[in-house]
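These notes concern the structure reproduced below.
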């Protein structure tokens, strides 16, 4: 009988050790799964600013005719590029002079947006460019698309290098502005245009 009691006690200890090992393994597995889920969530989470699609932001300042600095409600600032358009450049480091109509395009956007609250909408999934700037359509009063307005008033070209959902409307608007010689179209020459547009024109044998 004594030997049986000893065996019974040994079985109890062995079972306890097995349960302890299983608990440790289960706990370790749970921790590992939790860490993997956290890493996955971090990797999948949108970068700051993307959540502003359909939301509002304050325009802190205008950099040039197609780039602004926005401020979120939490104070976070970032650069936003107006989607689907390309305005003439103003002087940047390494460039000798402003492009034709660059200062006018910047002044136009400054008068329209600086110090105002706007609504931003992105074209998912392409919400940022290679410089990590937010790409968005900018709306005033939830109705006026400033991207379209710039093209309509001859302050920017339609950027044909990249796809966007409003490309057809932008192209129609540009055609109308060019035909009526509004804004930059009144005196622009081919050599005044961005290199990408000159190349695009050459490929299609266009004069303007």
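Between residue 142 and residue 180, with labels modelled 7 Å along Cα→Cβ, what's the label distance in nm to one decimal, could you check?
2.8 nm
With N set to the residue count of segment 129-174, report its C-alpha Rg divided by 2.2 N^0.38 Å to two decimal places.
This ratio for segment 129-174 stands at 1.17.
Provide the packing ranking of 135-141, 178-184, i.e. peptides ordered by the mean count of other C-beta atoms within 10 Å per residue, highest first.
Ranked from most to least packed, the peptides come out as 135-141, 178-184.
Sorted by average packing, counted as other Cβ atoms within 10 angstrom per residue and highest first, what order do 196-207, 55-66, 78-89 take?
With the highest mean Cβ count within 10 Å placed first, the list reads 78-89, 55-66, 196-207.
For residue 163 and residue 114, compute 0.36 nm times the residue count separating them, minus their Cα-Cα distance, and round to one decimal in nm.
Contour length minus Cα-Cα distance gives 14.9 nm.
Over the residues of segment 50-204, compute the C-alpha Rg and express it relative to 2.2 N^0.38 Å.
1.00
Can you work out the FRET efficiency for the pair residue 200 and residue 130, with r the C-beta to C-beta distance and R0 = 25 Å, to the nearest 0.05?
Given R0 = 25 Å and the Cβ-Cβ separation, E is 0.80.
When each pair of different Cα atoms in segment 144-208 is counted once in the 1/r mean, what is the Kirkwood radius in angstroms, to one decimal?
That comes to 12.2 Å for segment 144-208.
Every read-out reported here was derived from the displayed coordinates using simple, explicitly stated rules and does not represent laboratory data. All values derive from a computational prediction rather than experimental measurement. Note that each Cβ is placed from the backbone with ideal geometry, even for glycine, and that neighbours are counted across all protein chains shown.
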